[in-house]
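Everything below concerns the one structure shown next.
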Amino acid sequence: MADLNDPVRLAELRGAVLRAEADAILDACVVRAAKLARSPIAVVSLLVRHVQLLRAQHGLPLELAVSCATSRSNSFCQLVVLDEVPLIVDDALRDERVPKELVESYGIRAYAGVPVRAHGHVLGALCVLDVVPRRFDQRIVGALEQLAIDVSGRLSALTLSDAPLASADVQERLVRVEQATRALERALLALSPVIAAAQAATAGPRVDAARGIDASHASHAPHASRATHVTPASLRAAVSCWRDMGPVAEELCEEAAAIASASPCEAASGLATDARALARNLAEIGPLVRLAEGVLDGTLGEAAAAKGRALVLRGALDAHEAASAAVQRLRAGALRARAATAGPGSGGAARPPEAR
């Protein structure tokens, strides 16, 4: 049985694989999967540390199509990744192997999923789902496995998007890493209103009883006590801030990879790992931010957004905390690497930039 948190597997979840933007090849694959299985829903899922990202989808309910994620612990696809073999569920209501939240919230009754890989590691699944009990015969499973070859090829190509940049001065790159971490730290603080608003909207007793959300987590969000003062303007600012974080994180990954390839010191080699971990965490915060954006722009009603939040809030909280820690590690690692790689006569090159 595989380990969902295997660092080698998680390391393949990088670059453009984690982007929320539509991918024409993956989108065509899920449409084809739904057609061949005569199923209303098809998905390419990616199992990250806290959530299941829906990298491509066809036929999902609106709030799931907006968030592009569910909780990892409530996913059927986690079983595909764990066992690294196809999973067939004829009736999810009666199948003890699968979690029941998607069954209860969305009426999912049947499922067929096959592994998708990048460079030999199972990242998630190509799956089809139905809202009625049914059998997916071996012909359908075989066709999904053939289609998964195309999905896996595309995912493998997307993982290469953070290959090291062309040669440049390591010290200069390290300065840019430090600057990027400071910008990301400010952006993570700006996301606190989104998290506070999400917890305020889901922490009430009525919602807890209906959705099964654990209100004991409410005190963990930054500034949760000020949730009632969150305004649409502050939410819009936080959403915009999150949108800006993606390119910064991608550039940081590229810089860190280049530094690691150019410098043999231990501090430099750890930068690429921490940068990729940060990018994964930001991707896992994304579903919650997209739901907030959907409410703000009128795409989603509050009831639909609440269903979506119930599936991703805990993961977003954990990812926000992990991202903040990753930023601190990156900055500290960059400072150590600057000290280790500074040449004779570099003087104050290893000193950190001035505090904000």
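The values are calculated or read from the model by the stated rules, or taken from the named source; none is laboratory data. What you are looking at is a predicted structure, and each value in this text was computed from that prediction instead of being measured. A quick note on method: Cβ atoms are made from the backbone with ideal geometry, for glycine too, and the neighbour counts reach across all protein chains shown. The accessibility values were calculated without ligands, DNA or RNA, using every heavy atom of the protein model including side chains. Shrake-Rupley method; radii C 1.70, N 1.55, O 1.52, S 1.80 Å.
What the table below lists for this structure:
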read-out: Residue satisfying condition, being under 21 Å from Ala283 (Cβ atoms) and open to solvent by 10 Å² or more (accessible area, probe 1.4 Å), within set Asp83, Asp91, Asp95, Asp27; value: Asp27
read-out: Selection count, segment 102-122, where residues are touching a Lys or Arg at 6+ places or on another chain (Cβ under 9 Å) and either part of a loop (DSSP other than H, G, I, E, B) or under 24 Å from Ala310 (Cα atoms) (or both); value: 5
read-out: Segment 109-120, residues that are open to solvent by 10 Å² or more (accessible area, probe 1.4 Å) and at pLDDT 95 or above; value: Arg109, Pro115, Arg117
read-out: All positions within segment 291-319 that are buried (at least 23 other Cβ atoms within 10 Å of the Cβ) and within 12 Å of the chain's Cα centre (by Cα); value: Val312, Gly315, Ala316, Ala319
read-out: Selection from segment 8-48 of residues that are under 13 Å from Leu129 (Cα atoms) and touching a residue at least 40 places away in the same chain (Cβ under 8 Å); value: Val30, Ala33, Ala34, Leu36, Ala37, Ser39, Pro40, Ile41, Ala42, Val43, Val44, Ser45
read-out: Residues (open to solvent by 30 Å² or more (accessible area, probe 1.4 Å) and in contact with an Asp or Glu (Cβ under 7 Å, 6 or more places away or on another chain)) located in segment 50-73; value: His50
read-out: Checking Val131 against (1) closer than 30 Å to Ala279 by Cβ; (2) at pLDDT 95 or above, the condition it does not meet; value: (1)
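Yes/no per residue for (1) in a helix (DSSP H, G or I); (2) crowded, with 20+ Cβ neighbours inside 10 Å; (3) on the phi < 0 side of the Ramachandran plot; (4) at pLDDT below 85:
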| residue | (1), (2), (3), (4) |
| --- | --- |
| Val175 | yes, no, yes, no |
| Leu184 | yes, yes, yes, no |
| Leu189 | yes, no, yes, no |
| Ile195 | yes, yes, yes, no |
| Ala198 | yes, yes, yes, no |
| Ala210 | yes, no, yes, yes |
| Ser225 | yes, no, yes, yes |
